[in-house]
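To start, the structure under review is shown below, and the notes come after it.
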Amino acid sequence: MTDVELARVLAGLPLPAMVVRRDDRIIACNGPGQALLGDAIIGRHPAMAVRAPSVLEAISQVARDGGVQEARMTHRREGQEAVFQVTVSAQGEGLVLCVFRDVTEEERAGEMRRDFVANVSHEIRTPLHGIRGLVELLQHSEMTIAQRENLDAIRAAAEGLLVIVSDVLDLSKLESGKFSIE
């Protein structure tokens, strides 16, 4: 496939994309790719366009060994930071295709959801601890068997909810990478 044919194929992709030849030169880049990485990148080394070591390593490894690799890239332009998931794949004939997918909004939404879960869990946990403390205080007073059974049911429900809230917080921490299972 000629460089012109390759450029024509890339032009049909809606995501930013570039093709690197095994000799570490960018030989094609579509319009969205040029908007992301710069206009004058054809013929240059990928490091001139991509400043992410993980992406450059993926390009080198795929060029050498073939296959497909995923890498992340943070890109700052005009004061805004964007996060890209980069799929790097061997295309035969010594060519490596890099496709950049903007995952900024997905990551922000995930972060907002994790923050929301943590805040709600905290707001629920505080009154549950208060309920449990009041139940313990009341259990030391004189009461009928029915009252004691009701109080035991309240205590068991509060403790069950505390376990659920704790589990939700642990899942949120695990999802964010701030917690690990050992």
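The values are calculated or read from the model by the stated rules, or taken from the named source; none is laboratory data. In this text the structure is predicted, and so the values were computed from the model without any measurement. Virtual Cβ from ideal backbone geometry, glycine too; neighbours counted across all protein chains shown. Ligands, DNA and RNA are stripped out before the accessible areas are found, and what is left, the full protein with its side chains, is counted by its heavy atoms. Shrake-Rupley method; radii C 1.70, N 1.55, O 1.52, S 1.80 Å.
Values for this structure:
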item	result
Among LEU37, LEU95, LEU137: highest mean-square fluctuation, GNM of the chain, C-alpha pairs under 10 Å	LEU137
Accessible surface, segment 54-119, averaged per residue in Å² (probe 1.4 Å)	59 Å²
Low-density loop positions, trypsin sites (Lys or Arg not before Pro), segment 107-182 - DSSP coil, at most 15 other Cβ in 10 Å	LYS178
Calculated from backbone phi, Karplus (6.51, -1.76, 1.60) coupling profile of segment 113-124 in Hz, x at Gly/Pro	5, 4, 5, 4, 4, 5, 5, 5, 4, 5, 5, 7
Estimated vicinal HN-Hα couplings, Hz - segment 163-170 in sequence order (Karplus 6.51, -1.76, 1.60; Gly, Pro = x)	5, 4, 4, 4, 5, 5, 5, 4
Residue-averaged 222 nm ellipticity for the chain, from DSSP H runs of 4+ at -39500 (n - 2.57), nearest 500	-18000 deg cm²/dmol
Difference of contour (0.36 nm per residue) and Cα-Cα distance, GLU142 to THR2	41.3 nm
For segment 28-46 and segment 80-127, distance of Cα centres in Å	24 Å
GNM result for the chain, Cα springs below 10 Å: residue of VAL86, VAL103, VAL163 fluctuating most strongly	VAL163
Total charge dipole magnitude, segment 1-155, about the Cα centre, Cβ charges on Lys, Arg, Asp, Glu only, Debye to nearest 20	240 debye
For segment 81-97, 3J(HN,Hα) per residue [Karplus equation, 6.51 cos²θ - 1.76 cosθ + 1.60, θ = phi - 60°, Hz, x = Gly/Pro]	9, 10, 10, 10, 9, 10, 9, 10, 9, 6, 10, x, 6, x, 9, 10, 9
Stretch gain in nm, segment ARG108-GLU149, where the contour uses 0.36 nm per residue and the Cα spacing is subtracted	10.1 nm
Extension gain, SER89 back to ASP167 (0.36 nm per residue minus Cα-Cα distance, nm)	24.2 nm
Bridge type composition, segment 1-147 - antiparallel percent by DSSP, nearest 5	100 percent
nm² value of the averaged projected area, convex hull over the Cα atoms of the chain	15.7 nm²
